1. Name the residues whose placed amide hydrogens come within less than 5 Å of the amide hydrogen of Ile138, ignoring near sequence neighbours (fewer than 5 apart) on the same chain.
2. What relative contact order, as a whole-number percentage, does the chain give when Cα pairs under 8 Å and 6 or more residues apart are counted?
3. Would you mind computing, in nm to one decimal, how far apart the modelled labels at Lys61 and Tyr116 are, each placed 7 Å from Cα along Cα→Cβ?
4. From the phi angles alone, apply the Karplus equation (6.51, -1.76, 1.60; θ = phi - 60°) to the stretch 143-160 and give each ³J(HN,Hα) in whole Hz, x where the residue is Gly or Pro.
5. Given labels modelled 7 Å from the Cα in the Cβ direction, how far is it in nm from Ile33 to Ala84?
6. Could you state the number of Å between the C-alpha centres of the stretch 23-81 and the stretch 111-143?
7. What does the convex hull of the Cα atoms come to per residue for the stretch 6-207, in Å³?
8. In nanometres, what is the gap between the two model label sites at Tyr199 and Ala26, each 7 Å from Cα along Cα-to-Cβ?
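Coordinate-derived values only; no laboratory data. On a predicted model such as this, the values are computed, not experimentally measured, just so you know. Cβ placement follows ideal geometry from the backbone for every residue including glycine, while neighbour counts extend to all protein chains displayed.
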Amino acid sequence: MKNQKRILAISDVHGNGHLLTKLLQAVNYSPDIDQLIMLGDYINKGPDSIGTLQSIESLCKEGAIALAGNNELKWLNSENSDTARWKSFLKSLPFYKEISPFIFVHAGIKKSLPLYKQRIEDLTGINTPSFECFPDRIVVFGHTPTFRLASSTGQIWLKKGMVGIDTGAGHGSNLSLVDLTNWISYFVRINNSEEVNSYPLQKQIVYGDDYI
Ligand SMILES: [Mn+2]
């Protein structure tokens, strides 16, 4: 069935829940008409991991989807009072989600294996150049900041069949919310978070030459 909702994706919020809120306000997010999908690494590096998890959990209760990233796995494997309250929520998070034509995942996939056979270490931690696209699908992923993928710093990375959306919020760069229905990226700068800006994404790069 064709997804009728506007698809919004974000990754690697890394403790910047206040900026996630700001971005959602800027796009007039409504769970009734939007499908929000968050690709993991909500915690660590930034100012407020717990507050960010509270936001993520609330958004999930309203219909958003949250995947697990490698930082969530780190918390699951640690023992302290901060992480205990969150374990059942973090354990409930899936490692990938398909919303045709997209496959959403924290870090990436290996195309040699069907989706259900992918290794958790790859889904949550695979790094360039080992990750791959998937035939006839568009893999949307975070984890590797796009400046490491030869994208301009802070910008979404596009390639045929792939969209890299970690624009470096964990590295003092930008947090981006991507509208994959209208192909627009909204972003805030981590150190100058007053303003939300946007720019169009070139959908034809992702779909390739056969795109009409
Ligand atoms: Mn990560």
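1. It is Phe102, Ile103, by chain and number.
2. Averaging sequence separation for qualifying contacts and normalising by length gives 20 percent for the chain.
3. It works out to 3.3 nm between the two label points.
4. 6, 8, x, 5, 5, 7, 9, 6, 8, 4, 3, x, 10, 5, 9, 10, 8, 4
5. Placing both labels 7 Å along Cα→Cβ, they lie 4.5 nm apart.
6. The stretch 111-143 and the stretch 23-81 have Cα centres separated by 21 Å.
7. On the way: hull volume 21.9 nm³, N = 202.
Each residue corresponds to 108 Å³ of Cα convex hull volume.
8. According to this spin-label approximation, the distance is 1.3 nm.
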